[in-house]
There are 2 protein chains.
Amino acid sequence: MRTSLCDTFGIDYPIFAFTPSEHVAAAVSRAGGLGVLGCVRFNDTDELERTLTWLDDNTDGKPYGVDIVMPMKIPTEGTSADLSAYIPEDHKRFVDQTLLELGVPPLPEGEGREGVLGWLHSVARSHLDVALNHRPVLIANALGSPPVDVIEKAHEHGVKVAALAGAAKHALRHVENGVDIIVAQGYEAGGHTGEVASMVLTPDVVDAVGPDVPVLGAGGIGSGRQVAASLALGAQGVWTGSIWLGTEEYRNLASNRGWETAFLRATSSDTVRTRIYTGKPARLLKTRWTEAWASQDAPEPLPMPLQNLLVAEAHNRINASHDPDVISMPIGQVVGRMNAVRPVADVVASLVEEYDEAVARLETYRK
Amino acid sequence: MRTSLCDTFGIDYPIFAFTPSEHVAAAVSRAGGLGVLGCVRFNDTDELERTLTWLDDNTDGKPYGVDIVMPMKIPTEGTSADLSAYIPEDHKRFVDQTLLELGVPPLPEGEGREGVLGWLHSVARSHLDVALNHRPVLIANALGSPPVDVIEKAHEHGVKVAALAGAAKHALRHVENGVDIIVAQGYEAGGHTGEVASMVLTPDVVDAVGPDVPVLGAGGIGSGRQVAASLALGAQGVWTGSIWLGTEEYRNLASNRGWETAFLRATSSDTVRTRIYTGKPARLLKTRWTEAWASQDAPEPLPMPLQNLLVAEAHNRINASHDPDVISMPIGQVVGRMNAVRPVADVVASLVEEYDEAVARLETYRK
């Protein structure tokens, strides 16, 4: 499975793996794909610095990428404490009451009150500065085009920039801003996602940006058949995320022991697209937590970045409870295909092998 | 493009074309696919009888299919007049007021008051009886498994039965009931559709039903690349619908002159999944009509079959108004790819040619 992106990045397979775990990212890169480390969880830039140094040392010299979360327009800014003032009391009460009803215990005194700050523009910028002192070959932005000066800075360091798009018109705007690679993120994807499904979105984006801009198909990719489908639609590679949450290497990061129980039993119908995670529509595992927010008396989610601050402590409490029925986790519809925990290298090998089988099958249909 | 379904049905290409137009159905069958005539619009069985006789005479002896709308469980039954008694006055007032606000004129006295009765079980049964006196090779049911006696009756006539499924568990139930072919109808599809997108649903269904039950991929299929993607996912053929609404042959049936303007300008983001057409979730073109039903003060849609009776006259008025901004039309996200009105034979030829190109491209990636 080789496309021109393999030459661009010096990789064996055009399999791009978004993951919050440096262990997964390193294993994907070592296996011939491109591991892309999600930076949003690093509130502490020193920790990101140490993690990227670890990646430098554990990828056998193979390339890797980083993923930041940076809106083009700078949103409400400030410390977590400042911003809390904008969160309505009714929302806080709903969260407290819901956790009580779901039987999620409070955290021990003094633990885990802080939210994820990576959604803040200033923090995302510091992630970028730290990353550019290492050797990423790709910076991906989960919220579309980063600001133009960020793209230019990446290019000065010889680093390519990828941006997620949920519609062809967004992809065109990214290309105008100087983005090199478009990730066409279909409706079925985990995390932030739009309304158009991969089967329609991928060729839409490919045709809109033209042959000079490579497109990665994202959303619904968990097997070699799905890789073949995405490349048939015109993608030059695939952007994957969910499937790496079901690997042995991810266990190093998994903060919720109930998580494996939850995804092993989930079908592709057990996800929901909702604004409750960050304030923008994102696909999560459907659990008692998401169901509570879908009830008649639940408040409307707040805009980004307030919603994530609102639920940050709740997420920490939920993770500490290890209850598979109450999980708050971005995941794509492909969760239905995650039926065993495997080493990353096995997953990569299966994707490549199944791709070849699928193409051989399609070839027989031409006769 | 040949799979085992070509031998099963005596067709050249595993392209199944659902259409309410006998002109489109005949043209698809003549071009080597399988035209499948939607029967739901025929309130008058004599008209269906005449239409199927026309199909018999205009398909050059090539096979065709029919599509009925029959729930497994028999819903509220009765004449249109009986059922009207169950429709709340508030709903009727909302429809009247909305049409007024959208500038849709009333119909001339005595015209088009009757709704579509094909949603009624008794009417769907009469469609089946009429069809079996002709030579369909396939009966498809848009609402999943038809009742078991209907499946058995079809089999006695040597006719295969296909059923739509939006989740793997529904597909398994259809197979248990004796259905021969599953149409895996993805989220992006026009008309009745579920939550799981084709990229995930097709392999889910293929793996669930096993190698002995052919699966047709449906939802998002409007180009040969999309056909290749669907077959890569494990489908043995594709079920298409939307794209035939953009053909010259469809003009024989098009009751709304604004329709071509509307779909030629629509992008893949211009559809919406809503219960306002039949009471069950169905994807429609997003227009001022669907937006009105999405407003805060709109009532909840009624259950099937009441919702369609509620809006039946409104649909007739909307069609008679020829206003491209106010259309009530089931259509898939693939509408964004419908950018020219072409003869059916050209569309079929493009699908086949692009399939071959896509597979040849995938083959180069194996090197």
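Readers should treat all values here as calculations from the given coordinates under stated rules, not as data from a laboratory. No experiment lies behind these values; they were computed from the predicted model shown. Here the Cβ positions follow ideal geometry from the backbone for every residue, glycine too, while neighbour counts run over all protein chains shown.
Check every DSSP H run in chain A and write down those whose alpha carbon atoms cover 30 angstrom or more along the long axis and whose mean Kyte-Doolittle hydropathy is -1.0 or greater.
A:344-365
From other protein chains only, count the Cβ atoms within 10 Å of every residue's Cβ in A:354-366, then give the mean. Mind showing how you got there, number by number?
On the way: counts 1, 4, 3, 0, 7, 9, 3, 5, 13, 5, 3, 15, 9.
Average per residue, whole number: 6.
Go through B:ILE182, B:LEU201, B:LEU99 and say which Cα lies farthest out towards the positive end of the charge dipole of chain B; charges sit on Cβ, +1 for Lys and Arg, -1 for Asp and Glu.
Among B:ILE182, B:LEU201, B:LEU99, the one farthest towards the positive end of the dipole of chain B is B:LEU201.
Given a Förster radius of 45 Å and the C-beta distance between B:ASN58 and B:LYS92 as r, what FRET efficiency does 1/(1 + (r/R0)^6) yield to the nearest 0.05?
According to the calculation, E is roughly 0.65.
As an exercise, take the mean of 1/r over every pair of distinct alpha carbons in the stretch B:284-335, invert it, and state the Kirkwood radius in angstroms.
12.0 Å
How far, in nm, would the chain grow between A:ARG41 and A:LEU253 when pulled straight, counting 0.36 nm per residue and subtracting the alpha carbon separation?
In short, 75.2 nm is gained.
Counting only DSSP beta bridges with both residues in the protein assembly as shown, what percent are antiparallel, rounded to the nearest 5?
Around 20 percent antiparallel, to the nearest 5.
The stretch A:1-70: D in µm²/s via Stokes-Einstein (Kirkwood Rh, Cα pairs, 20 °C, 1.002 mPa s)?
Approximately 177 µm²/s, per Stokes-Einstein.
So for the stretch B:189-329, what percent of the C-alpha to C-alpha distances run longer than 25 Å?
That fraction is 37 percent.
Mind scanning A:LYS160/A:LYS280; A:LYS92/B:LYS286; A:LYS153/A:LYS286; A:LYS286/B:LYS92 and naming the pairs with a C-alpha gap bigger than 30 Å?
Where the Cα-Cα span goes over 30 Å, the pairs concerned are A:LYS92/B:LYS286; A:LYS153/A:LYS286; A:LYS286/B:LYS92.
Write down Rg/Rh for the stretch B:107-221, rounded to two decimals, with Rg from the C-alpha atoms and Rh from the Kirkwood relation over Cα pairs.
1.05
Put the label 7 Å from Cα along Cα→Cβ for A:ALA254; what are its distances to the other copies, in nanometres, shortest first?
5.4
Note down the magnitude of the dipole of the stretch A:306-367 about its Cα centre, charges +1 on Lys and Arg C-beta and -1 on Asp and Glu C-beta and zero elsewhere, to the nearest 20 debye.
With Lys and Arg at +1 and Asp and Glu at -1, about 180 debye.
Given B:GLY222, B:ALA232, B:GLY210, which one lies farthest toward the positive end of the charge dipole of the stretch B:205-287, if we put +1 on the Cβ of every Lys and Arg and -1 on the Cβ of every Asp and Glu?
Of B:GLY222, B:ALA232, B:GLY210, it is B:GLY222.
In whole angstrom, and with the biggest value first, how far do the Cα coordinates of the protein assembly as shown range along each principal axis?
Computed over the Cα atoms, the extents are 78, 59, 45 Å.
Would you please give the FRET efficiency between B:ALA345 and A:ARG2, computed as 1/(1 + (r/R0)^6) with r the Cβ-Cβ distance and R0 = 51 Å, to the nearest 0.05? Each step should come with its number before you reach the end.
On the way: r = 37 Å, r/R0 = 0.72.
Approximately 0.85, to the nearest 0.05.
At 222 nm, what value in deg cm²/dmol follows for chain A if DSSP H runs of at least 4 each add -39500 (n - 2.57) and the sum is divided by all its residues, to the nearest 500?
So the calculated ellipticity at 222 nm is -12500 deg cm²/dmol.
Ranked from highest to lowest mean number of other Cβ atoms within 10 Å per residue, what is the order of the peptides B:98-108, B:179-189, B:204-214, A:130-140?
B:179-189, A:130-140, B:204-214, B:98-108
Cα-based Rg (one decimal) and Dmax (whole number) for the stretch B:162-212, in Å?
Rg, Dmax (Cα atoms, Å): 9.9, 28.
What value does the stretch B:169-244 have for Rg/Rh, both radii from Cα atoms and Rh as Kirkwood defines it?
Checking Rg against Rh, the ratio lands at 0.94.
Antiparallel as a % of all DSSP beta bridges within chain A, to the nearest 5?
20 percent
Hey, any idea what the orientation-averaged projected area of the convex hull of chain B's Cα atoms comes to, in nm²?
17.6 nm²
Just counting partner chain Cβ atoms within 10 Å, what average do the residues of peptide B:296-309 show around their Cβ?
That works out to 0 on average.
With no solvent and one point per C-alpha, what does the Debye sum give as log10 I(q)/I(0) for the stretch A:239-297 at q = 0.16, 0.25, 0.27 Å⁻¹?
Rounded to two decimals, the profile gives -0.60, -1.21, -1.27.
Charges only on Cβ, +1 for Lys and Arg, -1 for Asp and Glu: so what's the dipole of chain A about the Cα centre, in debye to the nearest 20? All intermediate terms of the calculation are to be shown ahead of the outcome.
On the way: 31 positive and 47 negative charges, 171 e Å.
That gives a dipole near 820 debye.
Placing +1 at every Lys and Arg Cβ and -1 at every Asp and Glu Cβ, with all other atoms neutral, what dipole size does the stretch A:261-367 have around its Cα centre, in debye to the nearest 20?
Computed charge dipole of the stretch A:261-367: roughly 240 debye.
Just want to confirm a number: the relative contact order over chain B, from Cα pairs under 8 angstrom separated by 6+ residues, in percent.
19 percent
Rank by packing, highest mean first: peptides A:225-237, B:337-349, B:238-250, B:163-175, with packing defined as the count of other Cβ atoms within 10 Å averaged across residues.
A:225-237, B:238-250, B:163-175, B:337-349
What does the structure give for A:200-208 when I average, per residue, the other chain Cβ atoms found within 10 Å of the residue Cβ? Don't jump to the answer; show the numbers that get you there.
Working: counts 19, 8, 5, 11, 7, 0, 1, 4, 0.
For this peptide, the per-residue mean of nearby foreign Cβ atoms is 6.
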